[in-house]
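One structure is given below, encoded as structure tokens.
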Amino acid sequence: MAAVQDVLLLLPLLSLALQASVCHGACVEVESDTEAAAYSFFKVGCISCKQRGEVEAVASVNWYFKGTEDANFTHIYRYENKKGEVKNERFDLRLTWAGSNETLDLQDGSIYIHNVTYNDTGTYHCVFNRRLIYTNYECLNKTAKLIHVKVVPKVTRGMASILSEVMMYVSIIGLQVWLVVEMIYCYRKIAAAGEEALRESAAEYLAIASESKDNCAGVQEAE
């Protein structure tokens with residue numbers, strides 16, 4: 001019976017843990033795919049996780065591109081304040097945001113390239129500009145990543161991409177399991193402390209009752 005009660009009491013905690021994991025999934029820096037199929041759409045991945053998830057932050061993301069025959073990088077896209085803007089006519093109407101949504105605290109800065117052409121082969125430069133907001137001060141942080149993309153007639157998924165995706169899911173599941181174990185441990189510790197307090201209270205009550213009974217007996221004998 002006690003085991004059933006423990007399970008019933010843990011169900012709300014488990015539900016809360018699963019909801020939290022869905023709404024606030026763990027951030028894992030997975031490497032982007034590098035082969036894009038011509039005349040399709042392609043996601044250029046760029047993830048920059050905060051070292052301390054509890055710290056509030058505001059970030060913007062800028063993308064730059066350098067083709068195989070280009071000498072310098074060209075600014076092609078900017079995302080800030082929940083709005084994206086294509087900055088180069090070469091990619092006009094072909095770039096859309098694929099990163100973090102409905103938040104100013106960006107950790108996924110990925111973009112989609114639509115209607116990929118062979119001219120999209122080259123190096124993509126992703127830059128996070130992040131402002132970390134602490135209680136008494138703010139700190140500016142900049143993170144940059146390079147992604148080398150090659151456009152091919154047909155994509156053959158590499159082993160590195162598969163392993164990266166598997167590791168991402170393993171990390172997320174591992175964090176969820178750890179959270180559930182910690183919650184169970186804390187619950188059992190609190191329950192044990194509560195039972196000990198009840199036993200001490202019962203013992204104290206019995207001692208007081210016994211003392212009162214002795215006092216009453218003494219008074220009766222005196223009378």
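The values are calculated or read from the model by the stated rules, or taken from the named source; none is laboratory data. As the structure is a prediction and not an experimental result, all values here were calculated from the model. Here the Cβ is made from the backbone with ideal geometry for all residues, glycine too, and neighbour counts use every protein chain on show. The area values use the complete protein model at the heavy-atom level, side chains included, leaving out ligands, DNA and RNA. Shrake-Rupley method; radii C 1.70, N 1.55, O 1.52, S 1.80 Å.
What accessible area, in Å² to the nearest ten, does a 1.4 Å probe give for Ser40?
40 Å²
Excluding residues fewer than 8 places away in the same chain, name every one of the lysines whose C-alpha is closer than 26 Å to that of Lys87.
Answer for Lys87, where 26 Å is the Cα cut-off: Lys43, Lys66, Lys142, Lys145, Lys150, listed by chain and number.
Can you tell me how much longer the chain between Ile133 and Leu104 gets when fully stretched, taken as 0.36 nm per residue apart minus their C-alpha distance, in nm with one decimal?
9.2 nm
Between beta-carbons, use under 14 Å as the cut-off and find the net charge around Ser60, counting Lys and Arg +1, Asp and Glu -1.
That sum, taken over residues with Cβ under 14 Å, equals +3.
Kindly provide the Kirkwood hydrodynamic radius of the range 124-173 in Å, to one decimal, from all pairs of distinct alpha carbon atoms.
Here the Kirkwood hydrodynamic radius works out to 14.6 Å.
Dividing the Cα convex hull volume of the range 60-110 by residue count, how many Å³ per residue is that?
Normalising the Cα hull of the range 60-110 by residue number yields 79 Å³.
Provide Rg over Rh for the range 33-75; use the alpha carbon set for both Rg and the Kirkwood Rh (inverse mean inverse pair distance).
The Rg/Rh ratio comes out at 1.10.
Using a 1.4 angstrom probe with every protein chain in place, what is the largest-first accessible-area order of Trp97, Trp178?
Trp178, Trp97
For a label point 7 Å from the Cα of Glu165 along Cα→C-beta, name the residues of the range 32-60 whose backbone N is under 11 Å from it.
What the label zone holds, given the 11 Å backbone N cut-off, is 33.
Can you give the net charge of the other residues whose Cβ lies under 13 Å from the Cβ of Val28, counting K and R as +1 and D and E as -1?
-3
Set the Förster distance to 45 Å, then compute FRET efficiency between Glu31 and Glu195 from the Cβ-Cβ distance, nearest 0.05.
The value I calculate is 0.35.
Keeping the other protein chains in place, figure out the carbon and sulfur percent of the accessible area of the range 32-142, with a 1.4 Å probe.
44 percent
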